[in-house]
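Here's the structure we're looking at; comments come further down.
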Amino acid sequence: MAFRSFSALSLLCFFCLTSAQAAVVENARTWRSPEYTRLVFDLNSTIEYTISTLANPDRVVIDLLDTQVVADFTNLDLSNTSIASINSSVLNKQDMQVVLQMRSKVDPRSFALGENEQYGNRLVIDLYDSKEEPKSAAPVVITSVNDIDLAKRDIVVAISAGHGGDDPGAIGISRLQEKHVVLAIAKEVQSRINSTPGYKAVMIRDGDYYVGLRTQIEIAHKHNADLFIAIHADAAERASANGATIYALSHNGATSEQASRLAQMENSTDLIGGVGSVSLVDKDEVLASVLLDMSMTASVATSLEIGNSLIASLGQTTKMRRTTVEQAAFVVLKSADIPSLLIESGYITNDADAKNLDSPRWRQKFADAVVEGITHWFYQRPPRGSLIAWQQANPQQPRLDVSYTVKRGDSLSELADQFGVTMTSLKFANEMDTSSIQVGQILTIPGTTLEIAAVFTEHTITRGETLSQIALTYSVTMASIRASNQLKSDTIRIGQVLKIPTS
Ligand SMILES: [Zn+2]
């Protein structure tokens, strides 16, 4: 006989108003996040239910009282979930029992959701992978940065693509979903940050799933993030509303009616998707937010500065709805000592903006500008212990500047990528105010990559030597010698001194 264990969580039961007619499970959906499999039942009304787990083999049993199942579970793609199969059967002629055969042990958490604009009544079951204790609702730990361990560390930018999973966010023109476009933008920002020396990106989500607020903040803290950016897309009933807006947290109410409405909207969608916020809310949450508030004043000021830097760079590629940083009480920006910004990248409900948001080319440009705004600010105020701070404190390092003639189709961001330098340092080295470059323009590429710039030896050419022999002698490529010496051909002359990169 299988032992039926009821954990504390499995006893959660929602006693809702019972309707005369049986409830119906009309549809089922699954999502996979790094930590759990989410199973959602779409219902025609509220239901009562219990959830329990069984071991050997691992199963989750969902009893739905006075309910019929018309959903076809065989259509569900369970391939990347922890569920092996789903079966349902009738109990007592009127109740349904749904049994999930699990691939491994899970800790189920569940909650019911009422109707909203996108969905009807839902029962949401999150099956947490049971490698460890399910995440307890411990207060968020405010970590201090250890400078010694982090010498020449990367500046860490946590990127949160808004919404995800069964929370699509705003739905725009041609059914464009906010959750998809903001993830695409976030990935562009990630790749640009990661290709910038001295920076590292941390993705809060990198797939189509929802990450709760508490977990978002935990992830940012776990990685000692220096900056947290949440990427969203706006929606408005007025189709003409357009442009990007940068938001920071405010303690004293919103700076505008618009900011206040938006905060309400984004906060409530976070509640819908955020598992912890609905069924597992507890006193610690309040305590945590008090702790957070205490250390947040400084980061709000910094957030505003970085926000202004973002507006300056974004303003060159995209229309800004506001040219100052808006402030409102966004829950998602409450990440304690980490400066945090929310970027509304445009209106998904506006024709031109939606076209942009849907365009990979535009998203690339937009991401470039975001990263430029970020690096520009950190260039002026690098955190202690970071590589960028170290580089600025050691300006005497040998630098290898290279000249480059702009070709048709080049963009400053691609050149920065190609040479492994930041756009900010490129603009700085060339005294440029904007990112626009012209064919034929000669750019100085600053040698900021220490590995390349710092280490080379000199070789004086003697009679009979060739470039290929020298390359062979030093185990380097001919191309690297050409680049280090800005050679236009392979012709060398006796007595000429060559720099040989030795890294
Ligand atoms: Zn949003």
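Condition check ((1) over 19 Å from the mean Cα position of the chain (by Cα); (2) modelled with pLDDT of 95 or more) across all residues:
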position: Arg321; (1), (2): yes, no
position: Val332; (1), (2): no, no
position: Ser335; (1), (2): no, no
position: Pro339; (1), (2): no, no
position: Asp353; (1), (2): yes, yes
position: Asn356; (1), (2): yes, yes
position: Phe366; (1), (2): no, yes
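Of all positions in the stretch 166-185, none carries a residue that is touching a residue at least 12 places away in the same chain (Cβ under 8 Å), buried (at least 23 other Cβ atoms within 10 Å of the Cβ) and more than 16 Å from the ligand (Cβ to nearest atom). Criterion applied to Gln177, Gln101, Gln190 was being under 30 Å from Leu54 (Cα atoms) and either modelled with pLDDT of 85 or more or within 24 Å of the chain's Cα centre (by Cα) (or both), and the one residue passing it is Gln101. Just so you know, in the stretch 193-241 the residues that are within 15 Å of the ligand (Cβ to nearest atom) and either in the same structural domain as Thr424 (by TED's automatic domain parsing) or charged (D, E, K, R) (or both) include one that is nearest to the chain's Cα centre (by Cα), and it is Arg205. Take the conditions (1) modelled with pLDDT of 85 or more; (2) within 32 Å of the chain's Cα centre (by Cα); (3) of a type in the set (D, E, K, R); Glu117 misses just one of them, which is (1). For the stretch 99-116, filtering for residues that are free of Cβ contacts under 8 Å to residues at least 60 places away in the same chain and outside any loop (DSSP other than H, G, I, E, B) leaves 3. Here Pro34 does not fit the description of being closer than 17 Å to Asp129 by Cα, of a type outside the set (Phe, Trp, Tyr) and modelled with pLDDT of 85 or more.
When every residue of the stretch 59-71 is checked against the conditions, at least one turns out to be in a loop (DSSP other than H, G, I, E, B), small (Gly, Ala, Ser), modelled with pLDDT of 85 or more and over 20 Å from Asp167 (Cβ atoms). Within the stretch 87-97, the presence of a residue that is over 25 Å from Ala170 (Cα atoms), assigned to a strand (DSSP E or B), under 27 Å from the mean Cα position of the chain (by Cα) and not charged (D, E, K, R) is excluded. Which of (1) within 16 Å of the ligand (Cβ to nearest atom); (2) polar (S, T, N, Q); (3) more than 24 Å from the chain's Cα centre (by Cα) does Thr349 not meet, given it meets every other one? All conditions are met except number (3).
In the set (1) at pLDDT 75 or above; (2) more than 29 Å from Ala354 (Cα to Cα); (3) surrounded by fewer than 22 Cβ atoms within 10 Å (Cβ to Cβ), the condition left unmet by Tyr209 is number (2). Look at (1) part of a strand (DSSP E or B); (2) over 17 Å from Tyr128 (Cβ atoms) and you find that Asp77 fails only one, number (1). Consider the stretch 429-447 and keep the residues that are under 25 Å from Pro501 (Cα atoms) and touching a residue at least 24 places away in the same chain (Cβ under 8 Å). The one that is farthest from the chain's Cα centre (by Cα) is Ile442.
The values are calculated or read from the model by the stated rules, or taken from the named source; none is laboratory data. What you see is a predicted model, and the numbers here were worked out from it, not measured in a lab. Cβ coordinates were reconstructed from backbone atoms using ideal geometry, including for glycine residues, and neighbour counts include every protein chain displayed.
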